[in-house]
1. Filter region B:8-33 down to residues that are at the interface with chain A (Cβ under 10 Å from one of its Cβ atoms) and surrounded by fewer than 17 Cβ atoms within 10 Å (Cβ to Cβ) and give me whichever is farthest from residue A:419 (Cα to Cα).
2. On the given criteria, is residue A:188 under 30 Å from residue A:69 (Cα atoms) and acidic (Asp, Glu)?
3. If you go through region B:96-116 one residue at a time, how many are surrounded by 15 or more Cβ atoms within 10 Å (Cβ to Cβ) and over 15 Å from residue B:37 (Cα atoms)?
4. Please work out which one of (1) crowded, with 17+ Cβ neighbours inside 10 Å; (2) under 18 Å from residue A:601 (Cβ atoms) is the condition residue A:503 fails and give its number.
5. Consider only pairs whose beta carbons are under 8 Å apart and that are at least six residues apart or on different chains; among these, list those whose first residue lies in region B:125-137 and is of a type in the set (D, E, K, R) and whose second residue is part of a helix (DSSP H, G or I).
6. How many residues, within region A:387-404, are within 11 Å of chain B (Cβ to nearest Cβ) and either farther than 20 Å from residue B:122 by Cβ or in contact (Cβ under 8 Å) with a residue 40 or more places away in the chain (or both)?
7. Out of curiosity, is residue B:15 among the hydrophobic types (A, V, I, L, M, F, W, C), in contact with a helix residue (DSSP H, G or I) (Cβ under 7 Å, 6 or more places away or on another chain) and under 23 Å from residue B:138 (Cα atoms)?
8. Any residue at all in region A:18-41 that's at pLDDT 85 or above and over 60 Å from the mean Cα position of the chain (by Cα)?
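The values are calculated or read from the model by the stated rules, or taken from the named source; none is laboratory data. On a predicted model such as this, the values are computed, not experimentally measured, just so you know. Backbone-built Cβ (ideal geometry, glycine too); neighbour counts: all protein chains shown.
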Amino acid sequence: MFSSVPERRAAVRGTPDQRAGLSTRALLASFVVALGIIAGIHLLSQVNSRMLAENQEKVEHTLELLQVVNSVRYLVVEMRAASNGYVIAGEDIYLASYYGAQSQLDPAVSRLRGLAADNPQQQQRCDQVGQLLSTYVQDRGYVISERKLRGAEAGTSALRSTKGRQQVESILRLLSDIDEEEQLLLAERTRKVQSASVRFTLISWTGGSVSVALLLVVFYCLWRENALRAQAESELRSSRALLESILNSMGDGVVAADPEGRFTLFNPAAEQILGRGASAIPPQQWTEQFGVYLPDGVTPYPAEQLPLARALRGASVDCAEMRIRRSGEASAVHWLSVTARPMHDVEGRLTGGVAVFGNVTDRKRAEEEIRNLNHELEARLADLRASNQELEAFTYSVSHDLRAPLRQVHGFSKVIAEQYGSKLDAQGQHYLGRIEQGAAQMGRLIDDLLNLSRLGRQPLRRQPTQIAALVHEVRTELESEINGRTVEWRILSLPPVDCDPGLMKQVFANLLANSVKYTRPRERALIEVGVSGCNGDQAIFVRDNGVGFSMKYAGKLFGVFQRLHRADEFEGTGVGLATVQRIVHKHGGRIWADGEEGKGATFSFTLGKQDGEPQQPATEEAAL
Amino acid sequence: MRDAVEILLVEDNPADIELTLLALQAHKLANRICVVRDGEEALDFLFCRGTHSQRKPYEAPRLVLLDLKLPKVNGLEVLKEIKNDPHLRTIPVVALTSSKEERDLIESYQLGVNSYIQKPVDFDQFRKVVGQAGLYWMVVNHPAPPAGEEQG
């Protein structure tokens, strides 16, 4: 998975899809809410307008009513004045003015009634006014007719009898009431309208602000989304650029195909390795197109077995090897190692396959060389082993088979000496002695050689060993050699050692026997055994104050059959030290000697942790 | 006093035969020794068949000195036959051989050899060893009762 810093950050915020879902819903909600508020406000404003319009109507209505009330008031007053004037003056002009007013009364009253229709109380008052007016008109009519018909006095008495003034006063009072009431109503209504208006203003301002705020928020969110998207796009671009750059720079070829086998990716390295790939070659023809062969180099690779083809069927292929023949080449010399995988989308459907391959021709060649070298080595190793074994077997059987005749030589010479010795002169006996000695020496040589050769065949059996005990055993066994001489043994503390006890005993036996042998000329022999050196480099040493040797010949000490002393001075086979060295080397250790002619010799050796024969210094002879 | 063979020496090399006899003589053990030259003859002798068919079973030797390297039938085969036979297995068999091969040692003891001696090259040593072995097995050691006599 391509994990870059921007992607990781995105992961913390939630996947883009998740975030998108969330904020889209929030944005939509906010937007809808803002719209809702605006619509609401608009609706309210409509309501308000209507209310104001209604109010306006009502105001006009009231004004009209008041006007009508005034008219009626005026008419009534006019009628009273006119009728009173006629009663007094009797002139027609007053009559005309009275009838003029009266004629306007009915329409006015009915108008009044009509205008007061919305309020039952007012309606009642209007009805009352109407009634009173009609009564008054009736009375005035009577008064007028009295005056007209019977003169002024009749008129005046009629006037007095009809209570005109009270009537008018009641009417006027009623009208004032109506007026007042109406004005009150108007004031009331106006107040209500005003407060509603104020409320509306408040709501509309609040709602407006909220919706503006919401819209601002929505805008901000959208803007930020945009910015993020732009950023994501640029990140995408840069990561795509990186991917492309990788694909273009890779040494290995990368090829991807869709499930139908059309190539969707063919990087430059692939082109270089395979040659140009046309985009629309069906998988069946890939073998032919690219010259692909099985590792044998001659059999064309079965097209449906090609790793990419198999990946398109859902299989995974690792490090499939094949050879290709590029155009212009006679045979398939180039080796490819191909790894292919199928590709899936998030739902697990197969979306294609991708193969990665590299030119491994050089590697194959190197591998083959290594294989060949290995074979050679093995063959040589087998040869060496065989010849080693032969050598060992030869050595053993030779030594072994030499014993019997040797025994016979020695035996019979002994028998002759015993049974016929008296018949021989001194010289003859002397010669027989030589024969015996020769045979005995040969016997010792054979024994030592056999021993040395056996060492080569024996496996080392390491175990923690108390070498102090070995040294003491050997010392006891050498008592007969010491034979009464004065020998001081200084055996220092020896640590337990991981070694083969049998072989280690032989080491000490040989070294100590040498010490005993070469200290023979000494009055007082001193033989020391101890440990020298420190920590990692501890060495065991055997030191004596015997005749020693010259360091000039130190290199010959450990050779087989090499001796630094004459046989008549000190007997020996010259195999003892070679044997010791063999054993020490088998333990993975080193051995060396220091000596001074006439003063003595010190032999030191280390034992390694691992078995084996370490570097052999050039001066040592190869062990048998 | 029966004229029985007391020691059977199985050895093919004439020089070695002579030396062994000399060694045994030195210890006065050479009275009744029979020498056979190969494994087949050894078995014929012990089983009283073939060239030795006239021998009597109850005349089995008291000691067998057996070289391992023999022609025809080799020493280990002879040893095996002896130790597998219920009548002969009680006879002490001493391997007297040049070989100190671990293989031979192991197999001999597996087959039930009573003693294993490597012939020293030095003749003095050889005499001493043969003498010691002979004296031990003929004088010190108490043999098994002869099966033939029991059954009469």
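1. Looking at the filtered set, the residue picked out is B:14.
2. Working: under 30 Å from residue A:69 (Cα atoms): yes; acidic (Asp, Glu): yes.
Yes.
3. In the first step, residues of region B:96-116 are kept if they are surrounded by 15 or more Cβ atoms within 10 Å (Cβ to Cβ); the result is B:96-101, B:104-105, B:107-108, B:111, B:113-116.
Imposing the further condition that a residue be over 15 Å from residue B:37 (Cα atoms) reduces the set to B:98-101, B:104-105, B:107-108, B:111, B:113-116.
Total meeting the criteria: 13.
4. Unmet for residue A:503, out of (1) crowded, with 17+ Cβ neighbours inside 10 Å; (2) under 18 Å from residue A:601 (Cβ atoms): (2).
5. B:127/B:22; B:127/B:23; B:127/B:26
6. If we filter region A:387-404 for residues that are within 11 Å of chain B (Cβ to nearest Cβ), which is where we start, we get A:396-397, A:399-404.
Next cut, either farther than 20 Å from residue B:122 by Cβ or in contact (Cβ under 8 Å) with a residue 40 or more places away in the chain (or both) only: A:396-397, A:399-400, A:402-403.
Within region A:387-404, residues that are within 11 Å of chain B (Cβ to nearest Cβ) and either farther than 20 Å from residue B:122 by Cβ or in contact (Cβ under 8 Å) with a residue 40 or more places away in the chain (or both) number 6.
7. In short, no.
8. No, the conditions are met nowhere in region A:18-41.
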